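Below is one structure, written out as structure tokens; the observations come after it.
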Amino acid sequence: MKGSIEEISIGLYNIAASNALIDLRIVEKTKSILKARLHFSEELFMQIYENIKRSKKSYALILNDRRIFGKDYLFGQWHRHPFENPEEHDVSESGKKSATIEEFITESIYIVSERLEAI
């Protein structure tokens, strides 16, 4: 899902329609910023933040207002917040691996279904 904020937004709507998600909420949308939440339930959702002007990305799986897994791209480098310890900033080789929105969503759906057994 690359390109403009509008293209990213349309991609999220398509993903939400084809998965076990109950809702897609656009929290903020400008020419350069998109903040969206893809909900499994009111308490469990993925938050996608893209700022194409500043080249900042933040993807998080949230449960009860706490990040339980995430990937961030800040200052030209990726890091991961692993499910086992979401407060950690994993900058190992695997932690620094880039992630597309689609890859993050796929991994989050796996965590929700297999680790949390929520879907």
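Summary of values
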quantity: Which listed residue is of a type in the set (Gly, Ala, Ser) and modelled with pLDDT under 95, from Ser113, Ser92; calculated: Ser113
quantity: Unmet requirement for Gly76, which otherwise passes all of (1) within 14 Å of the chain's Cα centre (by Cα); (2) farther than 19 Å from Gly3 by Cβ; calculated: (1)
quantity: Checklist (1) touching a strand residue (DSSP E or B) at 6+ places or on another chain (Cβ under 8 Å); (2) surrounded by 12 or more Cβ atoms within 10 Å (Cβ to Cβ); (3) without any contact (Cβ under 8 Å) to a residue 12 or more places away in the chain applied to Thr106, failing item; calculated: (1)
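The values are calculated or read from the model by the stated rules, or taken from the named source; none is laboratory data. Please read these numbers as outputs of a predicted model, since none were measured by experiment. Glycine also receives a Cβ, built like all others from the backbone with ideal geometry; neighbour counts cover every protein chain displayed.
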